[in-house]
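Chemist: Could you have a look at this structure, given as structure tokens, before my questions?
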Amino acid sequence: MSLLLVAVVRDDHVDGALNALNEANHRATVLHSMGGFLRQDNSTLLVAIEDHQEAEVIDIFEKTCMGEEVEIPLVLLERLKDWRASVVQHAGATIFVVPLKGIVRT
């Protein structure tokens, strides 16, 4: 069976992920995106693979897209009166795995 991995990747991790995917002979299409709780620029990578490649590709994202703690800007939670810092864990990549009927390249 074929799968589509839709990976929303923080912009500072995109180059590393793309390089690692290319080295492992995986193709990726990049769409620039924005969103999430922190409203930061991201890139969405579309990677069509066969099901036996799923673990390998997810491992590439895990190694190249590390999460980190990020301070929430005061204005996002109407925290203007709140003097204390608020920190959340921000993923390096969020990956959606979608079954495909097939992959056609013309």
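The values are calculated or read from the model by the stated rules, or taken from the named source; none is laboratory data. Everything numeric in this text was worked out from a predicted model, so none of it was measured. Because the Cβ atoms are built from the backbone with ideal geometry, glycine has one as well, and the counts that use them run over all protein chains shown. Remember, those area values only see protein heavy atoms, side chains included, never the ligands or the DNA or RNA. Shrake-Rupley method; radii C 1.70, N 1.55, O 1.52, S 1.80 Å.
Chemist: Just subtract the alpha-carbon distance of ALA55 and ASP15 from 0.36 nm times their residue separation and send over the number in nm, one decimal.
Modeler: 12.4 nm
Chemist: Put a dot 7 Å past each Cα toward the Cβ at PHE96 and VAL30; how far apart are the dots in nm?
Modeler: Spacing of the two 7 Å Cα→Cβ label points: 2.1 nm.
Chemist: So how do 1-10, 48-57 stack up, highest first, on mean other-Cβ count within 10 Å?
Modeler: Ranking the peptides 1-10, 48-57 by packing returns 1-10, 48-57.
Chemist: Tell me the per residue accessible area of segment 14-58 using a 1.4 Å probe; a whole number in Å² is fine.
Modeler: Accessible area per residue, segment 14-58: 61 Å².
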